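Everything on this sheet refers to the single structure shown next.
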Amino acid sequence: MSETTSTTSTAPAPVADNTKPLASEPKGRTGAARILMGRDAVTIYALVAFLIYAAIAIPRFASPVTTGFLLLDVIPVLLIAMPMTLIIITGEIDLSVASTAGLTSALMGVLWAGGTDIWLALAISLLAGIAAGMFNGFLIAVLGLPSLAVTIGTLALFRGLALVIIGDNAVANFPKALTAFFTSKIGGTGIPTVMIGVVVVMVFFGVLLHFTPFGRGLYAMGYSKEAASFVGINVARSKFWLYVGSGAVSALAGIYWTLRYTSARSDNASGLELAVIAAVLLGGVSIFGGKGSIPGVIAGVLLIGTLNYALRLARVSDVVLITVTGLLLILSVVAPSIGSAIRQWRHTRRVRRSFTRKAT
């Protein structure tokens, strides 16, 4: 006897889809909006706004003479800010840059006063800056010491070596043709001739950071050095070469400083590291690493330089200028944290509202 069994397939009951991703999920800025409203873009807007204000409100500001002296003042900061940007993006720092520039200046003066050919003296001074950067890089990248402690130590060490080399003396009789070149202008524009070389340096670091695998690896190092190592980035080697580059560019800044002011002294470029770090952070680079851009840093350097020059035209004392730089440094560190806290609070509130709508 055969038994027939009938099987009935039952489909699951349809479930109502109450999710509304487009209408209720919190959204952040993307694409062009993120670029146009980023920290570096805000710095560029602030620079443009202040230039317009200064040109209208400050007598003699909008002139080729002002352009020339302003750019001559900011060139050392512009130069050193380029490698400093890359270093801070990785989550490290270099506080010895001004002392390296001073050491280069002192060595250059002693060599020239001792009868060394000026071009040989320049080459040896540049090599001394590279050696200083290699020393920092060895201690930080190879031995794994913290960059803050190392570069505070080498800040004092390099400045002390400069004092040992040249003492309290000053060398001022450099070749006139060379010193004249470092203060010459391009036609009637007021733009210093040496800015051509500075632009080359800026383009080099801009391409290196934004358009090469090496630069993308620096951002990864800033977010997490362990994760960067896991994906094949040689963290130690990258950091070592960054400090070598910082030493080399600091030496160039020291050479420029010496020839622009026609004086080699052990205290040349003292305090320059404060202006450099303030400009880099004001330009949108995160002190914690992983964020930043070369255009934003250039805008930060020019903004601080323009503000200081405008205050000088108004006959404000140097003490006030230093205070303004310090305030900008604090602002550039505190403002992102406040902004991040506000964005997190707004995001949390949007998420809670989204869940409340779904529940009802």
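Trp241 falls short on exactly one of the conditions (1) touching a helix residue (DSSP H, G or I) at 6+ places or on another chain (Cβ under 8 Å); (2) open to solvent by less than 50 Å² (accessible area, probe 1.4 Å), and that condition is (2). Contact map, region 166-193: residues that are free of Cβ contacts under 8 Å to residues at least 12 places away in the same chain paired with residues that are surrounded by 13 or more Cβ atoms within 10 Å (Cβ to Cβ) and assigned to a loop (DSSP other than H, G, I, E, B), Cβ distance under 7 Å, separation 6+ or inter-chain. Pairs shown: Ser184/Thr193; Ile186/Thr193. Checked against (1) hydrophobic (A, V, I, L, M, F, W, C); (2) closer than 28 Å to Met195 by Cα; (3) part of a helix (DSSP H, G or I); (4) out of contact with any Leu (no Cβ under 9 Å at 6 or more places or on another chain), Leu328 passes all but condition (4). Consider region 275-290 and keep the residues that are not β-branched (Val, Ile, Thr) and not in a helix (DSSP H, G or I). The one that is nearest to Leu72 (Cα to Cα) is Gly283. Looking only at residues in region 248-274 that are in contact with a Phe, Trp or Tyr (Cβ under 8 Å, 6 or more places away or on another chain) and assigned to a helix (DSSP H, G or I), the one that is surrounded by the fewest Cβ atoms within 10 Å (Cβ to Cβ) is Arg260. Tally time: how many residues in region 127-180 are open to solvent by 60 Å² or more (accessible area, probe 1.4 Å) and charged (D, E, K, R)? The qualifying residues number 2. The residues in region 219-235 that are under 18 Å from Phe288 (Cα atoms) and touching a residue at least 12 places away in the same chain (Cβ under 8 Å) can be counted, and the count is 7. When each of Ile87, Ile124 is tested for being open to solvent by 10 Å² or more (accessible area, probe 1.4 Å) and either in a helix (DSSP H, G or I) or farther than 30 Å from Leu139 by Cα (or both), the lone residue that passes is Ile124. Taking region 322-360 as the range and being within 30 Å of Gly305 (Cα to Cα), surrounded by 11 or more Cβ atoms within 10 Å (Cβ to Cβ) and among the hydrophobic types (A, V, I, L, M, F, W, C) as the test, the residues that pass are Ile322, Val324, Leu327, Leu328, Leu329, Ile330, Leu331, Val333, Ala335. Would you pick out the residues in region 108-121 that are open to solvent by 40 Å² or more (accessible area, probe 1.4 Å) and farther than 11 Å from Leu259 by Cβ? Listed by number, the residues that qualify are Val110, Ala113, Gly114, Gly115, Asp117, Trp119, Leu120.
The values are calculated or read from the model by the stated rules, or taken from the named source; none is laboratory data. Quick caveat: nothing in here was measured; it's all calculated off a predicted structure. Counting neighbours? That spans all protein chains shown, and the Cβs are built from the backbone with ideal geometry, glycine included. Accessible surface areas use protein heavy atoms only, side chains included; no ligands, DNA or RNA. Shrake-Rupley method; radii C 1.70, N 1.55, O 1.52, S 1.80 Å.
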